[in-house]
């Protein structure tokens, strides 16, 4: 095979990954939305608190509705749109962790950090390992900034261990997702070679 043909096959594989992977992004976002709504209602102390806490989710709901509608109308999102939506996910989840404080839990004690996991996994199932590592590093840095800047901060009383465990599991989630992505791509390539 010539280099040009190999490059074309690689580009086709990437487009196919994005086409079939967009439903993973949509599902991960709906999981985050439903989970955040549940946690907000669970820890709500007043109706005003519910209104304030659900306001940031409106952006995530609108973005996901847009992507879901495009998918249902057979107008798939391209890689750039999925990357922008993924960046928006990180920003919104970071804002949720920063400002939504159920039961007064802030910083490292805020339970909303778990919403980083499904978006990192969704990203890793669609994009290459290099892009996934960059995306995961951005998620880790954003969460670290929240934990360091928001009270109570990270103290040397076990918080550093908890923080380290969360970062390792987030990175592990991303790496397992890319491993699955590579296995699936190899299977498709082997199936394609057998059909020729």
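Look at (1) over 24 Å from residue 87 (Cβ atoms); (2) in a helix (DSSP H, G or I) and you find that residue 148 fails only one, number (1).
Residues that are over 21 Å from the mean Cα position of the chain (by Cα) and either without any contact (Cβ under 8 Å) to a residue 24 or more places away in the chain or not in a loop (DSSP other than H, G, I, E, B) (or both) within region 152-176 comprise 155, 156, 157, 158, 159, 160, 161, listed in sequence order.
None of the figures in this text is laboratory data; all of them are computed from the coordinates on show. Here the structure is a predicted model, which means the values were calculated and not measured. Here the Cβ is made from the backbone with ideal geometry for all residues, glycine too, and neighbour counts use every protein chain on show.
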